[in-house]
Amino acid sequence: MINFLDQKILGITPPAAIVNNASFTTAEVDSVQNGVKYDWASVYVYLGATDVAVTSCKIQESDISGSGFVDITGANGPASLSPTATDDNKFFVFHIDMRKRKRYLDLVLTIGSGSTGGFVTAFAILSRSKEVPSTPTLRGANGGEVLVT
């Protein structure tokens, strides 16, 4: 078994037009996929070209899909990151132990007001499930997958 195949990839914010002084549209992450519960979630935020800082980059959780989301907090306060105007082409990552969290996650991502704004894409990788996804589609590779040995 190849441990890295024990995962599910989910899009949160697809590559899209530049955003300025607004929140990005995000898709929530369900930690249960096809009846399989994942115990770990890593949320990747990839900041492209930008001329302004991100004003809010945090993770929220809920027991209900689509509503009731609240900030995830820990010993150091809210789970948040602070990309700046000079962080072009950098990854920012949240690693979340889902055994201690509610079922649904949502990324709150807002960029400040700049001359042009910024490009961002985000995705989640769910892992550590009791069952291994058996097909590329179940792993989230709905565009295809190649295993080179």
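The values are calculated or read from the model by the stated rules, or taken from the named source; none is laboratory data. Not measured: the values here are computed from a predicted model. Virtual Cβ from ideal backbone geometry, glycine too; neighbours counted across all protein chains shown. SASA here: full protein model, heavy atoms, side chains in, ligands and nucleic acids out. Shrake-Rupley method; radii C 1.70, N 1.55, O 1.52, S 1.80 Å.
Points worth noting:
- Per-residue packing, averaged as other Cβ atoms within 10 Å, sorts the ranges 37-44, 104-111 into the order 104-111, 37-44, beginning with the highest.
- Ranked by the mean number of other Cβ atoms within 10 Å per residue, highest first, peptides 62-70, 6-14 order as 6-14, 62-70.
- Within a straight-line Cα-Cα reach of under 20 Å, K90 can be paired with the following aspartates and glutamates, leaving aside sequence neighbours fewer than 8 residues apart in one chain: D51.
- Using θ = phi - 60° and Karplus 6.51 cos²θ - 1.76 cosθ + 1.60, couplings along the stretch 87-96 (whole Hz; Gly, Pro as x): 9, 3, 6, 10, 8, 10, 10, 9, 10, 10
- Carbon and sulfur %, accessible surface of the stretch 1-139 computed with the full protein complex present, 1.4 Å: 54 percent
- Amide H contacts of Q33: Y38, each under 5 Å away and 5 or more positions distant or on a separate chain (H built 1.01 Å from N in the peptide plane; Pro and chain starts excluded).
- Overall form of the stretch 1-116 per C-alpha gyration tensor (a/c, 1.5; a/b vs b/c): prolate
- Surface accessible to a 1.4 Å probe, per residue, for the residues of the stretch 2-60, Å²: 46 Å²
- Of the residues L126, L109, N21, the one whose Cα sits farthest toward the positive end of the charge dipole of the chain, with +1 on the Cβ of Lys and Arg and -1 on the Cβ of Asp and Glu, is L126.
- Once both labels are positioned 7 Å from their Cα atoms along Cα-to-Cβ, the gap between T73 and N21 label points is 3.2 nm.
- Gyration tensor verdict on the stretch 93-149 (Cα atoms; rounded if a/c is under 1.5, prolate if a/b is larger than b/c, oblate otherwise): oblate
- Cα gyration tensor, the stretch 51-135 - rounded (a/c under 1.5), prolate or oblate: prolate
- Residues whose amide H falls under 5 Å from that of S56, counting only those 5 or more places apart or on a different chain, are T110, with hydrogens built in the peptide plane.
- Sites A53 and I9 - FRET efficiency at Förster radius 35 Å, r taken between beta-carbons, to 0.05: 0.80
- A probe of 1.4 angstrom, applied to the heavy atoms of all protein chains, finds I72 with accessible area near 10 square angstrom.
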